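Report on the structure given below.
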Amino acid sequence: METHQLHPENWVDQYADYLFNFAVSRVSNAELAKDLVQETFFAGLKSAKNYKGTAAERTWLIAILKRKVIDHYRKINSIKGKAEVRMTYSSQNDTDGDWLEEQVADPFSILENDEIENEELGLAIQECISKLPKKQSLVFTMKTIQGMSTEDICKELGINPSNLWVMIHRARTALMSCLNQNWFSI
Amino acid sequence: MISCDEAAIICNKKQYKETTFTEKIKLVMHLLICKTCSRFSKKNAELTSLCDKARLHCLPEKDKVLMKKDLRNKI
């Protein structure tokens, strides 16, 4: 099996946005999510010697982040933090066929899945963005996610608009082929 | 008539609503006759709607720079 190694110097460039998206969808607060990502990196650094190299770097960091999110909910002593799963086996409809499956949410309803699917989609896009060359991912992020104007981006990066559009084009084409298999309906 | 490269650039601008009226006309004319570009245009629009749907977030570049600095201090 392939063993992985940690490269903490690349963490911010490669995983910060990915982890941040993951955290934001769980704590719904950008400032707090940022702190959790920061803490995750520090914790990762601290326990780097325990990293066995069996999981990919990102998977390992996500696992730490998940603990951080849970710790956060415990610390603020929220209902979410105290949550546990309870099941009541109803005695009234204890007849043939009426079993747990029929008591849970409708599996064919598409509404509840939307949120989860969108989160998966977000992480998939983020993963594809992180595979782009640095400059392209920067321009694409500024334009698409931060919604900055062409003029501002050009000024900040010292490029001209036609440079920008060429980079956007390359980024978009790369993203299309990266997301292709799973996410496009056409 | 415009080339496919030009059409692609206009199509990308369209995703950010930055096309001028003449550019729009040029693009529509091109898409009528070019199958490859109309496929690209459809996919490009779908990528835009995927990005919208995912409600992506990202850390501002200056936060990342700070984070990198903090992390480097601890390595």
Quiz item: Once label points are set 7 Å from the Cα along Cα→Cβ at both B:Glu46 and B:Phe21, what is their separation, rounded to one decimal in nm?
Solution: 3.3
Quiz item: Within chain B, which DSSP H helices have Cα atoms that stretch 18 Å or more along the helix axis and a mean Kyte-Doolittle hydropathy of at least 0.5?
Solution: B:21-33
Quiz item: Going by Cβ distance under 4.7 Å, what cysteines of the protein assembly as shown have no possible disulfide partner?
Solution: A:Cys154, B:Cys4, B:Cys11, B:Cys51, B:Cys58
Quiz item: What length, rounded to one decimal in nm, is gained on full extension from A:Ala63 through to A:Lys46, with 0.36 nm per residue of separation minus their alpha-carbon distance?
Solution: 4.7 nm
Quiz item: Where does the longest stretch of chain B lie that holds no trypsin sites (Lys or Arg not before Pro) found in a DSSP loop with 15 or fewer other Cβ atoms within 10 Å?
Solution: B:18-54
Practice problem: Can you tell me the alpha carbon radius of gyration of the range A:125-181 divided by the globular rule-of-thumb value 2.2 N^0.38 Å? | Solution: 1.08
Quiz item: Exposure proxy check: A:Cys178, B:Cys51 ranked by fewest other beta carbons within 10 Å?
Solution: A:Cys178, B:Cys51
Exercise. Could you point to the residue in A:Tyr73, A:Ser137, B:Cys58 farthest towards the positive end of the protein assembly as shown's charge dipole, with +1 and -1 charges on the Cβ of Lys/Arg and Asp/Glu respectively?
Key: A:Ser137
Quiz item: What's the long-distance tail for chain B, i.e. % of Cα pairs beyond 17 Å?
Solution: 57
Quiz item: What 222 nm value per residue comes from the helices of chain B, counting each DSSP H run with n ≥ 4 as -39,500 (n - 2.57) and dividing by all residues, nearest 500 deg cm²/dmol?
Solution: -25000 deg cm²/dmol
Quiz item: Taking only the alpha-carbon positions of the protein assembly as shown and ignoring solvent, what does the Debye formula give for the base-10 log of I(q)/I(0) at q = 0.09, 0.11, 0.17 Å⁻¹?
Solution: -0.55, -0.77, -1.33
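Read-outs: derived from the displayed coordinates by stated rules, not from any lab. Just so it is clear, the structure is predicted and the values come from calculations on it, not from any experiment. Because the Cβ atoms are built from the backbone with ideal geometry, glycine has one as well, and the counts that use them run over all protein chains shown.
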